[in-house]
Amino acid sequence: MVLLLLLSTKVFADFSVEGKLALQFADGQQQQQAFPMQLIREQGSYIFSVGSQQTRLNAPLQKYSLALILQNDQDVWVTDFANQPLNGFTLEIAGYQITLRRDPQARAARGRYVVQLNDEIFYFSRGPGQINFVFNEQGIAEVQVKSMFKPRR
């Protein structure tokens, strides 16, 4: 019975999701890389890994927030992706496609940057944008764009 309880707790918390990330840097360079998200119970705590980063937690993580910082309406910084500014990116993970790109037609968008989550379009508002990955026992339950606004159609 105790073994069953331990195994069911481990299965409840652990997940591993593979993602693909394509980056377009402000200097014109491009890079593609794996972008996994993983939560593993180990020795009474949890190890959360995203991309190449890792942290140890006391309890399972409920969500992960990715910050998008638009500086002077020119440069977008996503420090979890790179330590230099981006012109765009595409992240495919758990059935979601998230894209940052410049759109010359998006006149109301700051810096003409557009974030697209599957078919939904978002523009930067004041302050940084956020992409929240909400977790459940299987992995990513939902992806939400926060602190950004949807343009009028």
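The values are calculated or read from the model by the stated rules, or taken from the named source; none is laboratory data. Predicted model, so just to flag it, every value in this text is computed and none were measured. Please note: Cβ atoms are built from the backbone with ideal geometry, for glycine as well, and neighbour counts cover all protein chains shown. Accessible surface areas use protein heavy atoms only, side chains included; no ligands, DNA or RNA. Shrake-Rupley method; radii C 1.70, N 1.55, O 1.52, S 1.80 Å.
Listing for the model above:
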item	result
Which listed residue is within 19 Å of GLU18 (Cβ to Cβ) and open to solvent by 50 Å² or more (accessible area, probe 1.4 Å), from GLN74, GLN54	GLN54
Selection count where residues are modelled with pLDDT under 95 and surrounded by 16 or more Cβ atoms within 10 Å (Cβ to Cβ), scope segment 97-109	2
ARG112 vs. criteria of a type in the set (Lys, Arg), without any contact (Cβ under 8 Å) to a residue 12 or more places away in the chain and surrounded by 14 or more Cβ atoms within 10 Å (Cβ to Cβ)	yes
Of residues in segment 130-153 being touching a strand residue (DSSP E or B) at 6+ places or on another chain (Cβ under 7 Å) and either over 28 Å from GLN38 (Cα atoms) or among the basic types (Lys, Arg) (or both), the one surrounded by the fewest Cβ atoms within 10 Å (Cβ to Cβ)	LYS150
Odd one out for GLY127, checked against (1) touching a strand residue (DSSP E or B) at 6+ places or on another chain (Cβ under 7 Å); (2) not in a strand (DSSP E or B)	(1)
Checking LEU66 against (1) within 25 Å of ILE47 (Cβ to Cβ); (2) open to solvent by 20 Å² or more (accessible area, probe 1.4 Å); (3) part of a strand (DSSP E or B); (4) not charged (D, E, K, R), the condition it does not meet	(2)
Out of VAL115, VAL76, sole residue that is more than 20 Å from GLN29 (Cβ to Cβ), touching a strand residue (DSSP E or B) at 6+ places or on another chain (Cβ under 6 Å) and not in a loop (DSSP other than H, G, I, E, B)	VAL115
Residue in segment 40-48 that is part of a loop (DSSP other than H, G, I, E, B), under 24 Å from PHE122 (Cβ atoms) and at pLDDT below 95 present	no
Of the criteria (1) of a type in the set (Gly, Ala, Ser); (2) loosely packed, with under 12 Cβ neighbours inside 10 Å; (3) assigned to a strand (DSSP E or B), which one GLY88 fails	(2)
